[in-house]
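Asker: Before I ask anything, let me first share the structure, which is written out below as structure tokens.
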Amino acid sequence: MDIRTLTMEDMGQAKALWDAAFGDSPAYRDWYFANRIQEGCSLGAFEGEQMASMLHMLPFELDWYGRPLAAACIAGVATWPCQRKKGLANALLKACFEQLKARGTSLAFLYPFRQSFYRPSGFATVSDMDKITFSAGSLSAIDAQGYKLLEHAQTPNLNGIREVYHEMTVNYTGYALRDERAWRLRAQEWAADGGSLLWLEKNGACRGYALWARDGDKGVVEEWGARDLADFGALCRLLLERCGGTGSLEMLAPPETPVFECLPERKDVRVERIPYAMMRILDVPKVVLPAIAKDIQDEVLFELDDGTIAENAGKWIISCKMSMAQRQYDARNCALKMTVGQLIQVLTHYGRAAEQARWGVYPGEKLNFSADKPILLWDKY
């Protein structure tokens, strides 16, 4: 099986595999290949001239503890059914990591169909989302007087939407840094899939936004933002009204969102917490150094097990005073040993209670990582 970078001549086969794996509309698939997939950023496994498996690397920039960091979203991982259980996806991921590291990319993210599939490749869960379902009438007591929902396509307000996004992300890290072009692509992509970018207006100002789509009598919100709880409640109520008198509204929300503080009662509201984004460290120094609580310790030492990226494995000394991270080959004892997946969850404070039970003490307390901010990364950067 030959693994290589896809060329423009391969995109016909890539689209056919995409259609078989994901079932998107032809309009959305064509938009995605024309606007998201960049030349030289896709890999395929081939048997002769026939594509057996593929993945795509979508580069973007994110905030990492107050610093911009090069990252990539891995998307469209797919294998023809007759070629499965041959390790093709894992081989593509390994080749993908090598390419991304060579380009200076430090982190990789994905949103998989089954998270357990990607853990052997060094991915770890870094965020959950609450899937909230509001039934018809559940928000009727919320006061939305003075608010309006406007279509961005008819009444553009990217500046206002960007301001809301900035306010939403203040208490997070790991979020995509979006300029005006990124927001335009975000709106266009959602429209290509049948949805709309809406923004919440009150007294001439943007108070919130939502990427909204209609699915029968149900409204679906993939991403939203609001300046405060009153704005969030008004946004939810007006979105639910768009679903009709008997419809429902389904939206994703970070677990920290105080959803029920803006609701008079919890009647007809369901919340299901689901594992969401997964992360993979490609470059240990660039990822770990910004996360160290420099005012607490001068130096940290740990030993890392990474069975896929050899450059990550071994003893590491992180010098906070000199802002350096380097491999150590001396005989100093490493009191803290962990896999790359455990390091990821230490960095992001994901699963803290479970880690305390496993380690007896949370590893982040030994390493003094300053990750008080959780990860916020919506499904599309």
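The values are calculated or read from the model by the stated rules, or taken from the named source; none is laboratory data. In this text the structure is predicted, and so the values were computed from the model without any measurement. Positions of Cβ are generated from backbone atoms using ideal geometry, with glycine treated the same way; all protein chains shown enter the neighbour counts. Ligands, DNA and RNA are excluded from the accessible area calculation, which covers all protein heavy atoms including side chains. Shrake-Rupley method; radii C 1.70, N 1.55, O 1.52, S 1.80 Å.
Asker: In whole Hz, with x marking every Gly and Pro, tabulate ³J(HN,Hα) for the stretch 236-242 from phi via Karplus 6.51 cos²θ - 1.76 cosθ + 1.60, θ = phi - 60°.
Answerer: Each residue's phi maps through the Karplus curve to give 4, 5, 5, 5, 5, 4, 5 Hz.
Asker: Report the FRET efficiency, 1/(1 + (r/R0)^6), for LYS101 and ASP215, where r is their Cβ-Cβ distance and R0 is 45 Å, rounded to 0.05.
Answerer: Plugging the Cβ-Cβ distance into 1/(1 + (r/R0)^6) gives 0.70.
Asker: Filter LYS15/LYS85; LYS131/LYS202; LYS94/LYS315; LYS148/LYS218; LYS286/LYS337 down to the pairs with a C-alpha to C-alpha distance above 24 Å, please.
Answerer: Over 24 Å apart, Cα to Cα: LYS131/LYS202.
Asker: Given points 7 Å out from each Cα along the Cα-Cβ axis, report the SER116 to SER140 separation in nanometres with one decimal.
Answerer: Going from the SER116 label point to the SER140 one covers 4.4 nm.
Asker: I've got another one for you. Tell me, in nm to one decimal, what length is gained between GLU47 and ALA91 on full extension, where the rule is 0.36 nm per residue of separation less the Cα-Cα distance?
Answerer: 14.5 nm is the gain from fully extending GLU47 to ALA91.
Asker: Another question about this same structure. Can you list residues whose amide H is under 5 Å from ILE3's amide H, if they're 5+ apart or on another chain and H is modeled 1.01 Å from N?
Answerer: It is PHE46, by chain and number.
Asker: Also: What's the whole-number percent of alpha carbon pairs in the stretch 109-170 lying beyond 15 angstrom?
Answerer: Value for the stretch 109-170: 75 percent of Cα pairs lie more than 15 Å apart.
Asker: A further question on this structure: Given charges of +1 on the Cβ of Lys and Arg and -1 on the Cβ of Asp and Glu, with all other atoms neutral, how large is the dipole of the stretch 1-159 about its Cα centre, in debye to the nearest 20?
Answerer: 500
Asker: Using the alpha-carbon atoms, what tilt in degrees (0 to 90, nearest 10) does helix 158-169 show relative to the longest principal axis of the chain?
Answerer: 60
Asker: Right, here's the next one. Dipole of the chain (Lys/Arg Cβ +1, Asp/Glu Cβ -1, origin at the Cα centre): which of ASN157, ALA213, VAL300 lies farthest to the positive side?
Answerer: VAL300
Asker: After finding the eigenvalues of the alpha carbon gyration tensor for the stretch 123-215, what semi-axes result from the square roots of 5 times each, listed largest first in whole Å?
Answerer: Working from the Cα gyration tensor, I get semi-axes of 22, 19, 16 Å.
Asker: Hey, any idea what % of the stretch 16-117's accessible area is carbon plus sulfur with a 1.4 Å probe?
Answerer: Of all accessible area on the stretch 16-117, carbon and sulfur atoms account for 51 percent.
Asker: Still on this model: Compute the helix-to-body angle for 88-102: its Cα long axis versus the longest principal axis of the chain, expressed 0 to 90° and rounded to tens.
Answerer: Once rounded, one gets 80 degrees.
Asker: Still on this structure, I have one more. With +1 on each Lys and Arg Cβ and -1 on each Asp and Glu Cβ, and nothing else charged, work out how big the dipole of the chain is about its Cα centre, in Debye to the nearest 20.
Answerer: Dipole about the Cα centre, nearest 20: 560 debye.
Asker: Continuing with the same structure: Subtracting the Cα-Cα distance from 0.36 nm times the residue separation, let me have the gained length for MET11 to LEU229 in nm, one decimal.
Answerer: Result: 73.9 nm gained on full extension.
Asker: Counting each DSSP H run of 4 or more residues in the chain as -39500 (n - 2.57), what helix-only mean residue ellipticity at 222 nm follows after dividing by all residues, to the nearest 500 deg cm²/dmol?
Answerer: Computed ellipticity for the chain at 222 nm equals -8000 deg cm²/dmol.
Asker: Please pull out the direction-averaged projected area of the stretch 197-261, using the convex hull of its alpha-carbon atoms, in nm² to one decimal place.
Answerer: 4.5
Asker: I've got another one for you. So how do 232-240, 33-41, 70-78, 124-132 stack up, highest first, on mean other-Cβ count within 10 Å?
Answerer: Going by the mean number of other Cβ atoms within 10 Å, highest first, we get 232-240, 70-78, 124-132, 33-41.
Asker: With everything on Cα atoms, drop me the angle between helix 11-22 and the longest principal axis of the chain, reported from 0 to 90° to the nearest 10.
Answerer: Tilt of helix 11-22: around 70 degrees.
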